[in-house]
Amino acid sequence: MLVEKFKEIYRYRSNLWTIANFNLKDRYAGSLLGLAWAVVVPCLLMLSVTVVFRYVFRIEIKNFELFVFSGLFPWMFTSSALFDSATSLVSQRNILRQFAVPRIVVPLASALTNFLNYIFGFLLVYPIFLIVNPGIIELFPVFTFTIVTHFIFVCGLGLLLSVINAFYRGLTHVLGVVLIIWLWATPVFYDPLMVPVEFRWVIYCNPMNLYISAYRDVLFFGRLPQPNLLAVMIIFSFIVFVSGLFVLSKNERKILKKI
Amino acid sequence: MIEIVKFEEVSQYFEVLLKKKVKSEKKKTWSLKDISFSLKKGEILGIVGDNGAGKTTLLRLICGILYPDKGKIKRLVDPIAVLELGAGFKEELTGRENIFLSASLLGLSKRKAERVYQSIVEFAELGEYIDAAVKTYSQGMFLRLAFSIAINIESELLLIDDVFSVGDAGFGQKCISKLYELKTKGIAIIVVSHDLSFLRNFCERVIFLKQGSIVSDGPADSVISAYISQLGVDPGFVISNKNGISIRFNKGRIFIDYQQKPLFSFEGAKSVFCFNQRWFSSIEAVWELIQVEDNLIYVKGIYAEIFLIESWKLRFSRHGEISWEVSFAGEALPFLSDQHLRFMFFRDFERFHTVGGSYSFGTDFYDRDYDILQRCISQGSIVLEQPKLKDRNFEFMFSEKLDNFAKIFNSDFIAKSRVLLVYGAQNDAGRLIKDIKVRISMTDKKIEHKNECLIHKDDLELRFDQGRVRFYYQGYELTKKLSFYTSLYFEQRWFDSHSGAVWQIKEHSDSLFVAVGRWLRLPLKQIWQVNIVSPTCFSIVVFLCPDEKIDFQTVQTNVMVSDKYSNWVAGKEQGAFPDFNPLTDSYWESVIKGCFDKIGVFTESGICPFLVELEIEEKIPGYEANIVNSDILHRARLLQYSNDNLQSLLPGKYLCFSGRVSVCKVKNHGL
C-alpha cells in the first residue's frame, strides 16, 4: 500500500513541480513585488525582532541579526508549509471534486509550493552569511542535506495534519496558536544554552530543534554538526514522512466525503 | 466488446449534519444503492433522473473521484469529466495557465500537455481572453474552457454532467457536433442531461436513475419515455390487468405499457383541441382524480383560461381491451373544434393496416408533422404492426355507430415517432357532435394480408393489393406508390380505390383477375377486369356501378409512375416533364390533356429503360387522357384517363376505362 503511494508520488513528480509553480504564481498574482516577497517578508520580520530583542530585552548575542535569520527563515517555511498543507485538502476541495487527483498530491503540492518560496528567499540571503563567514561555503553540502531532511519532515507532518484537519476542522484554529507556542519552544530567538537546565528538556524534545541546530551550525557557527544529529535528523524525517503517508492512505476514502 | 467500466452493486452514502435548534442530527443518506452496470468501449450512454437522484455521484465514482462504500468498481481507462464549471481552475491564473494546471492535475506528461494545448485554445474560442485571469470569466467562458480541455485531451471515456445550460447556442452546437465526432471515433461517452431530445438522438442507451437506484437501463427511446411518464409531483396512477397491460395517467397524459414495455413514445397519448384559433392540449389542464377503481380511471381536467371541463374515463373491458372516453362540458364547448386524441408510437411500429389496405410507415421523418400517410375515414379498426414482435400489434377500434376518422403519419425527426390522430364525430363546422370513444387492444392476431393476388406472364407481373395494382417487368417495378388506382371526386372530397374501398377478388387465374371494390362512404362499387394479353401488354377494364343516384364531379383512372421517367409522349407530341412545383398540399399539375389514343412516359437516360404506354381502346364520351406531374411530396408522374365534368349518374353499370398498358424497351431517343 505504501509502495503504491511512493509510486504515485513518482508518477506525479513533474506534475507536482508544475502545480507548485502555478500555486506560487497564484499566491503572488497581483502583488507588486511578486516572488520578491519571499525575501522581503523574512527580512522585515527579522529586523523588527532584532530591534526589540536587542534594545528592549537586551539580549547579548553577537551578530544577533544573522543568528535570528538562520533560525527564522527555516521557521517561517515550517509554519507556513504546515499551515498550508494542513488546510490543503479542505481549501482545494474544488480540485478534488473535479479531477481524480491522488490525494497525496494536494498536501505535497502545498508543501512544495512553500518550499520553492523558501529556497528562493534563502538562496538570495545566503551570500550575506557568506560575507560574514566565508568558511561556511565548505558546509554547503551539509546545508543542502539539512534543507532536504527538513523538507521531508515538514511534508510528512503536513500530510498528517491534513488528514486530521479533514475530520476536525477546528485544527485550523488550534494550529495557529500551536505554531506560535512552538516557536517559543524552539531556539530561534535564543540559544539553547540560555535556557535554565530544568527546562532544557523541552528544547530537546522539540523535533524542530534538531533542524534549527543544524542550520545554526552550518550558517552561523560555521561548524559541522555532530554526526549523531545528522543521523537522527534523517531517520526522524523519514519516520514522520512514512507515518504521514500511512495515515493518509488509511483515511483517503473517508476524506473524500468529509471535505 | 471490451467492458471499460464495470460497477458491481456499488453503494454510496453521505453523512449530512442537520443543524437544528435543540440537537443537531447526523443523517446518513444513501445516494446510490446497489448500482450494477457496465460500459463497453465506444458505447454512448445517457443518464436521466430528477435532481438529487445520484447522477453526479455516479459520475464521480466512475471517474475515481469518489470510492464506493460498498461494491466494486472496475475501470480500464482514465476518464475525463466536465462536472462543475469552474471547479479545478485557480482564479488568479489565466486561461492558458489553467489549461496546463488542469493537465498537471490529470497527471498528463508535459509533452502531452503541450501537444493538446494548441487544439484546446483553438476550440475554446476565447480570443484574447485566454490570457486573462479566470476570475474575470463568465459562466459561458468557463464552459468553453472546461469543455475544450475535456474534449481535446484524448481519453477513452468522456463524462459530461449537465452543464450545457450555460453555453450560448453557437457554442452548444459546436460542442454537440464535436461530441458526435468523438462518437464516430469510438470514444465512449456518458452524458447526463435534461435535454431529452438530445439524448434520444445521441445516445444508444440510457439509464434512468431514481433516488439512487437504476430504474431502467435500456434503449434510449423506451427509457426516456418511462422517465417522462413519471415526471411531476404525483407519480400518476397505475392500473394493471391480468393480461399484462398497464395504464398510467399523469397530468393529462396516458401511458400504456404492455408486458412492461412502453407503447407510446415521447409524450404518451393526450387530447388536443382548438379554441379561438389556439391549440390546447390536455397537458395544460389541471387534473383531478374523481374515481379510481379496479378497472376504471375517471379523471376531470379543468382549463383555467377558458371555461371548459374535460373528462376521461379509462376502462378495462374484457380480454385486455381498454376503452377511452373523452367528453367535454362547459361554456366554451360550442366554440371548440378539431378535437382529437393524439397518440405517439415508437418507430418500431413499421406497418399499419386499415380496412382500405396495408401500408408501411416508411422511414422519412420531416421537420414538421406533415407527411400524412393516410387519411382514413374508417369504421372498423386500424392495426399497427411491429413485424419484429408478433405479440405487440396494436388495434384501435372505432365504434360502429360513431363516425370517427383518423390521420396517421410520421412525426418530425426530433420525436421520430408514429403519430395517430383520432377525431371524434364532427358536424360540418368541425364541431364535436358526440364524445370521442376509442377502444384499444393488444392483439397477437396474425395480420392477414387480405385480398391480394398476383398474375404474371413471362417477365410481366401484376400485383393487386386492396384497390391498387402494381406492375413489374423483368423485376423492375414500373409503378410507384399508389400505382394503378381509381379516384372519385364527390362533394369536395376524394375517394380513392386504395383507401376508401374494401376489395374482393372474384375471379383469379394465371393471367387474369377480376376484383370488386365496395366504397365505404359512397353507395357504389367498381369492377376491375385485368387481363394479361401478351408478355408486354395487359388490358384493364373498369366499371363504375352506383347503387343510388350520385352527382360526381370527377371520375379518374390513374397509373402512377416514378419520377425517373423524365419525358412524356401523347399522340404525336412529346416533351420533358417540368420540375416539381415546390408548393405542396397536393398541387398537381397537368402537363397535357386531350383526346389522345395513346399516352406514355419514358426516360432518355436509361435508368429505367422501359416505355410505359397507356392505350385507350374504347373512347368514352366526356373522358380525356391526361398526363400529370404530381407535387413535390409524391414525386411521381401520372397517366390518367378522367372525366372532370359534372355528371349525375343513375344506378347502373358504367364504363370508365377500357384500355391497355404496354411496356417496351427503349432503344434510342425515339419510340
Task: Value of Rg to Rh for chain A (Rh from inverse mean 1/r over Cα pairs, i.e. Kirkwood) - done: 0.97
Task: Whole-Hz couplings from phi, Karplus 6.51/-1.76/1.60, listed for the range B:19-36; x for Gly and Pro - done: 8, 10, 4, 7, 9, 6, 10, 9, 10, 9, 10, 8, 7, 9, 10, 6, 8, 10
Task: Calculated P(r) of the range B:452-665 - Cα pairs past 24 Å, % - done: 39 percent
Task: In sequence order, calculated HN-Hα J values of the range A:244-249 (Karplus, 6.51, -1.76, 1.60; Hz; x Gly/Pro) - done: x, 4, 4, 4, 5, 5
Task: Label-to-label distance, nm, for residues given as B:Glu618 and B:Asp551 (7 Å Cα→Cβ offset) - done: 2.9 nm
Open item on the list: I need the calculated FRET efficiency for the pair B:Glu573 and B:Ser648, taking r as the beta carbon distance and R₀ as 30 Å, to the nearest 0.05.
Closed with: 0.35
- [ ] Using only the alpha carbons of chain B, determine the length spanned along each of the three principal axes and report them from longest to shortest in whole angstroms.
- [x] 97, 66, 45
Task: Rounded to 10°, Cα long-axis angle of helix A:105-132 versus longest principal axis of chain A - done: 20 degrees
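Largest first and in whole Å, give the semi-axes of the protein assembly as shown's equivalent ellipsoid, each being the square root of 5 times a Cα gyration tensor eigenvalue.
86, 31, 22
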Task: Per-residue ³J(HN,Hα) for the range A:177-184, Karplus 6.51 cos²θ - 1.76 cosθ + 1.60, θ = phi - 60°, Hz, x for Gly and Pro - done: 5, 4, 5, 5, 5, 4, 4, 5
Task: Peptide B:55-65, shielding by other chains (average Cβ, 10 Å cutoff) - done: 2
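Please give the calculated 222 nm ellipticity per residue for chain B, where each DSSP H segment of at least 4 residues contributes -39500 (n - 2.57) and the sum is spread over every residue; nearest 500 deg cm²/dmol?
On the way: 7 runs with 83 residues, N = 671.
Theoretical 222 nm ellipticity from helices: -4000 deg cm²/dmol.
Pull out the extension gain between B:His194 and B:Lys593, defined as 0.36 nm times the separation in residues minus the alpha carbon to alpha carbon distance; nm, one decimal.
Numbers: separation 399, 0.36 × 399 = 143.64 nm, distance 5.73 nm.
Full extension of this stretch gives 137.9 nm more.
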Open item on the list: Please give the Cα centre distance for the range A:83-116 versus the range B:607-660, rounded to the nearest Å.
Closed with: 85 Å
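Given R₀ = 56 Å, FRET efficiency for A:Arg54-B:Ala87 by Cβ-Cβ distance, to 0.05? Could you put the intermediate results ahead of the total?
Numbers: r = 50 Å, r/R0 = 0.89.
Result of the calculation: an efficiency of 0.65.
What does the extension gain come out to for B:Lys19 and B:His456, with contour length at 0.36 nm per residue minus their alpha carbon separation? It would help to have the intermediate numbers written out before the result.
Values: separation 437, 0.36 × 437 = 157.32 nm, distance 8.65 nm.
Result for the pair: 148.7 nm of gain on full extension.
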Open item on the list: I'd like the FRET efficiency for A:Trp201 and B:Ile73, computed as 1/(1 + (r/R0)^6) with the beta carbon distance as r and R0 of 56 Å, rounded to 0.05.
Closed with: 0.60
Task: Amide H within-cut-off set for B:Gln426, under 5 Å, with H built and near neighbours excluded - done: B:Ile433
- [ ] Obtain the nm distance between the two label points defined at B:Asp338 and A:Phe167 by a simple spin-label model: each point lies 7 Å from its Cα along the Cα-to-C-beta direction.
- [x] 6.9 nm
- [ ] Would you mind checking which residues have amide H under 5 Å from A:Arg169's amide H? H placed 1.01 Å from N; only 5 or more apart, or other chain.
- [x] none
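Can you give me the Kirkwood hydrodynamic radius for the range B:3-224, using every pair of distinct Cα atoms, in Å to one decimal? Each step should come with its number before you reach the end.
Details: mean 1/r = 0.0543 Å⁻¹.
Roughly 18.4 Å, rounded to one decimal.
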Open item on the list: Filter A:Lys5/A:Lys250; B:Lys270/B:Lys437; B:Lys261/B:Lys313; B:Lys185/B:Lys416 down to the pairs with a C-alpha to C-alpha distance above 21 Å, please.
Closed with: B:Lys261/B:Lys313; B:Lys185/B:Lys416
- [ ] Could you work out the relative contact order of chain A, using alpha carbon pairs under 8 angstrom and six or more residues apart, expressed as a whole percent?
- [x] 28 percent
Task: Computed [θ] at 222 nm, helices only, for chain A once each DSSP H run of length n ≥ 4 contributes -39500 (n - 2.57) - done: -25000 deg cm²/dmol
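Work out the P(r) tail for the range A:1-141: percent of alpha carbon pairs separated by more than 17 Å, whole number. Intermediate values should be presented prior to the final figure.
On the way: 6718 of 9870 pairs.
Cα-Cα pairs of the range A:1-141 separated by over 17 Å account for 68 percent.
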Task: Among the listed pairs B:Lys40/B:Lys74; A:Lys258/B:Lys72; A:Lys7/B:Lys112; B:Lys6/B:Lys110, those beyond 23 Å (Cα-Cα) - done: B:Lys6/B:Lys110
TODO: Label the range A:129-185 by shape, choosing from rounded, prolate and oblate, from the square roots a ≥ b ≥ c of the eigenvalues of the Cα gyration tensor; if a/c is under 1.5 it is rounded, and otherwise prolate applies when a/b is larger than b/c, oblate when it is not.
DONE: oblate
TODO: Show the residues, 5+ positions off or on another chain, whose built amide H is closer than 5 Å to the amide H of B:Lys416.
DONE: none
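Rule-based calculations on the coordinates, nothing more; no lab input. Since the model is a prediction, treat every value here as computed from it, not as a measurement. Methodologically, a virtual Cβ is constructed for each residue, glycine included, from the backbone with ideal geometry; neighbour enumeration extends over all protein chains shown.
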